[in-house]
Ligand code: AHR
């Protein structure tokens, strides 16, 4: 018997188990939600945006000028204003990016005819007539009811120039700068809160070492003054993806009370220069981009662990002020304009990224999608008078319910998405409770072929009713075009059952779902 047990019964049992698992449905993924009073709030600023003087982001995107036939308010397209209001965008970063470190703000104020024409050396060497400057941008923010985030020039600008810009925007008095603003048509100061000090100072912003930049930051930040009524939040130019030394030096060498935030940039791309088409890709490309996107976990955790070492009380925010996908430009477009389409793959990247930011909401207080209109992982694309909303837009709109809500920590073990022997976590999830007591759960299934069953125990939350929205499509490559702008759009999600506090649902392949429970 003993012999049978060890030498015979085991192999027979294993044979049956293995055969059974070939046919059996894997059980649902069980997600448990905890209510933790100590959990952080998901800052609405994680839903920030970024608009650079790059390609058709500003000119031909946001800004068509007052004389355009396209309906506009002070030159800004009305359809874009309306669409962005739908996203409740909390902040908008401008004028760059790399452009910020060659931007001299004084060129962009005063009568438009007197503004100098400069060369946009970073982005396609196009001529920039400065017709969209500080007033135009801050008026746009007022129309959008969003906070401006101005990126100051450290690479090629002076300390005085930055100091003057802050004073011009924020001081209500009788100084030369305040009076110049008034003479240019704006009586009240705008009281701009968020100021970036440099951008990618390790690269396009000056090719500096972190040791050198840390000192320069201290100098520039000293003179970016607080004027009555506004305590500004200064954001230091931070690391590129896994440049952990940059974060180490900044946290070590800059007094923490001089820096509200330290930035990091991480793009989902295969390398430099960016490769691969935004819409013509196969599963191996898709898998690779998902893998790059999920690397955000490791990048963020390593920067955060360095920050924790120097700042255990988490006083300095990590600001992911550029994130998104980056592919080769669309065929036939200017290589310097970074114009790309946006497919269901980008919807996955948006859903995954936002969930990853939520999870670290105790440290990440702001993030900015690169970029809002016509550039990289855009939320909106325009062509002459036409405008379309991308899958990324739809995900950001579905997720907007998480803004300023309390994080509800989740625990679960994700099923795997396997491709050619490599595996990734198929499911990403995040939950929060808003001020009105509504619970929202955002779920992403990146598996390109397999649906995934989920079971969520809602008993601790006392939820009686659930509704949902889903973004899904037939093909990974599906995207919206100017002739078919609604091919990909959200619909009501009904594929769930709520019984005795347990919610069971099925997530289709490559889909994003947001549930609301009350
Ligand atoms: O978003 C495009 C560019 O990417 C930005 O100008 C720069 O900061 C980054 O390298």
Original post:
Residues of region 466-500 being part of a loop (DSSP other than H, G, I, E, B), surrounded by 17 or more Cβ atoms within 10 Å (Cβ to Cβ) and more than 23 Å from the chain's Cα centre (by Cα), which ones?
Top reply: 493
Subject >> Test result for residue 167, crowded, with 19+ Cβ neighbours inside 10 Å and closer than 18 Å to residue 232 by Cα >> reply: yes
Subject >> Residues of region 317-349 satisfying the condition of being within 16 Å of the ligand (Cβ to nearest atom) and part of a helix (DSSP H, G or I) >> reply: 335, 336, 337, 346, 349
Subject >> helices (runs of 4 or more DSSP H) fully within region 120-186 counting 1 or more residues that are farther than 30 Å from residue 333 by Cβ and more than 26 Å from the chain's Cα centre (by Cα) >> reply: 159-170, 176-183
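Quick check: anything in region 417-432 in a loop (DSSP other than H, G, I, E, B) and closer than 23 Å to residue 360 by Cβ?
Step one: filter region 417-432 for residues in a loop (DSSP other than H, G, I, E, B), giving 420-421, 426.
With the extra rule that they be closer than 23 Å to residue 360 by Cβ, the set shrinks to 426.
Yes, some residue in region 417-432 is in a loop (DSSP other than H, G, I, E, B) and closer than 23 Å to residue 360 by Cβ.
A quick yes/no check of all residues on (1) in contact with a strand residue (DSSP E or B) (Cβ under 9 Å, 6 or more places away or on another chain); (2) assigned by TED's automatic domain parsing to the domain that holds residue 134; (3) surrounded by fewer than 22 Cβ atoms within 10 Å (Cβ to Cβ):
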| residue | (1), (2), (3) |
| --- | --- |
| 72 | yes, yes, yes |
| 78 | yes, yes, yes |
| 82 | no, yes, yes |
| 86 | yes, yes, yes |
| 95 | yes, yes, no |
Original post:
Restricting attention to region 43-62, which residues are closer than 30 Å to residue 435 by Cβ and in a loop (DSSP other than H, G, I, E, B)?
Top reply: 43, 51
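Identify the residue in region 97-109 that is surrounded by 20 or more Cβ atoms within 10 Å (Cβ to Cβ) and not in a loop (DSSP other than H, G, I, E, B) and, among all such residues, is nearest to the ligand (Cβ to nearest atom). Full working, then the answer.
Taking region 97-109 and keeping what is surrounded by 20 or more Cβ atoms within 10 Å (Cβ to Cβ), we get 97-103, 105, 108-109.
Filter once more, keeping what is not in a loop (DSSP other than H, G, I, E, B): 98-102, 105, 108.
On the way: 98: 4, 99: 6, 100: 8, 101: 9, 102: 11, 105: 17, 108: 17 Å.
That would be 98.
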**OP:** Name the one entry in 396, 356, 366, 387 that is under 19 Å from the mean Cα position of the chain (by Cα) and either within 16 Å of the ligand (Cβ to nearest atom) or more than 23 Å from residue 318 (Cβ to Cβ) (or both).
**Re:** 366
Subject >> Selection from region 202-217 of residues that are under 27 Å from the mean Cα position of the chain (by Cα) and more than 10 Å from the ligand (Cβ to nearest atom) >> reply: 202, 206, 207, 208, 209, 210, 213, 214, 217
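Matching residues to (1) surrounded by fewer than 16 Cβ atoms within 10 Å (Cβ to Cβ); (2) touching a residue at least 24 places away in the same chain (Cβ under 8 Å); (3) part of a helix (DSSP H, G or I):
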residue: 252; (1), (2), (3): yes, yes, yes
residue: 271; (1), (2), (3): yes, no, no
residue: 277; (1), (2), (3): no, yes, no
residue: 280; (1), (2), (3): yes, yes, no
residue: 287; (1), (2), (3): no, yes, yes
residue: 299; (1), (2), (3): no, yes, yes
**OP:** Give region 357-383 a look and list any residue that's surrounded by fewer than 24 Cβ atoms within 10 Å (Cβ to Cβ) and either in a helix (DSSP H, G or I) or without any contact (Cβ under 8 Å) to a residue 12 or more places away in the chain (or both), or say none.
**Re:** 359
Original post:
Going by the structure shown, is residue 435 part of a loop (DSSP other than H, G, I, E, B) and at pLDDT 95 or above?
Top reply: yes
**OP:** Identify, from the list 454, 427, the residue that is under 26 Å from residue 379 (Cβ atoms) and touching a residue at least 24 places away in the same chain (Cβ under 8 Å).
**Re:** 427
**OP:** Considering only region 388-407, state which residues are under 25 Å from residue 510 (Cβ atoms), in a strand (DSSP E or B) and touching a helix residue (DSSP H, G or I) at 6+ places or on another chain (Cβ under 9 Å).
**Re:** 389
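Residue-wise test of (1) within 16 Å of the ligand (Cβ to nearest atom); (2) touching a residue at least 12 places away in the same chain (Cβ under 8 Å); (3) in contact with a strand residue (DSSP E or B) (Cβ under 6 Å, 6 or more places away or on another chain); (4) in the same structural domain as residue 220 (by TED's automatic domain parsing).
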site: 131; (1), (2), (3), (4): no, yes, no, yes
site: 147; (1), (2), (3), (4): no, yes, yes, yes
site: 158; (1), (2), (3), (4): no, no, no, yes
site: 178; (1), (2), (3), (4): no, no, no, yes
site: 191; (1), (2), (3), (4): no, yes, yes, yes
site: 198; (1), (2), (3), (4): yes, yes, yes, yes
**OP:** Take region 110-129 and flag every residue that is away from the ligand (no atom under 14 Å from the Cβ) and on the phi > 0 side of the Ramachandran plot.
**Re:** 110, 125
Original post:
Using beta carbons and a limit of 8 Å, which pairs, at least six apart or on different chains, have the first residue in region 315-334 and on the phi > 0 side of the Ramachandran plot and the second one in a strand (DSSP E or B)?
Top reply: 324/267; 324/268; 324/369; 324/370
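Determine, yes or no, whether residue 311 is out of contact with any strand residue (DSSP E or B) (no Cβ under 9 Å at 6 or more places or on another chain), over 25 Å from residue 80 (Cα atoms) and free of Cβ contacts under 8 Å to residues at least 24 places away in the same chain. First the steps, then the outcome.
Working: out of contact with any strand residue (DSSP E or B) (no Cβ under 9 Å at 6 or more places or on another chain): yes; over 25 Å from residue 80 (Cα atoms): yes; free of Cβ contacts under 8 Å to residues at least 24 places away in the same chain: no.
No.
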Subject >> Filter result for residue 80 (away from the ligand (no atom under 15 Å from the Cβ), in a loop (DSSP other than H, G, I, E, B) and under 22 Å from residue 321 (Cβ atoms)) >> reply: no
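The values are calculated or read from the model by the stated rules, or taken from the named source; none is laboratory data. Keep in mind it's a predicted model, so treat the numbers as computed, not measured. Neighbour counts are summed over all protein chains in view; Cβ atoms, including those assigned to glycine, are modelled from backbone coordinates with ideal geometry.
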